[in-house]
Amino acid sequence: MDHIPADELPEVGKAAYAVCRDAADAGVFVFAGGLDPQQPTIVSPDGLVTDGPFPETKEFIGGLMVVDVPTREEALTWATRIAAACRCPQEVRRLGDGAATESTFR
């Protein structure tokens, strides 16, 4: 979000919060959060720890929002609202069928 002037960031934050609130009111909100703007740390299967991002990664991911919706179209509708609020493109992904919750490990 480095393309947004610093004086506009509070407005962007309020708009993003409003979309999260709307998703909660609609009963589809699961989780949202911003990511610290530091470079990620990459841990390889062999235990090697390096500063990221992955070589193929071109853009910084600033945060995420998880919604529980029945269709791709509804996910895209929420992504459109988030993109407008945050003033940046959104990546939409479906969680795999094996998604785990805390209750999975009890």
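The values are calculated or read from the model by the stated rules, or taken from the named source; none is laboratory data. The structure displayed is predicted, hence computed values, not measured ones. Glycine gets a Cβ as well: all are built from the backbone with ideal geometry, and neighbour counts include every protein chain shown.
Brief remarks on what is shown
- Looking across the range 75-85, the residues that are in contact (Cβ under 8 Å) with a residue 12 or more places away in the chain and either more than 11 Å from the chain's Cα centre (by Cα) or outside any helix (DSSP H, G or I) (or both) come down to 75, 76, 78, 81, 84, 85.
- Candidates 94, 72, 87: the one that is at positive phi and at pLDDT 80 or above is 87.
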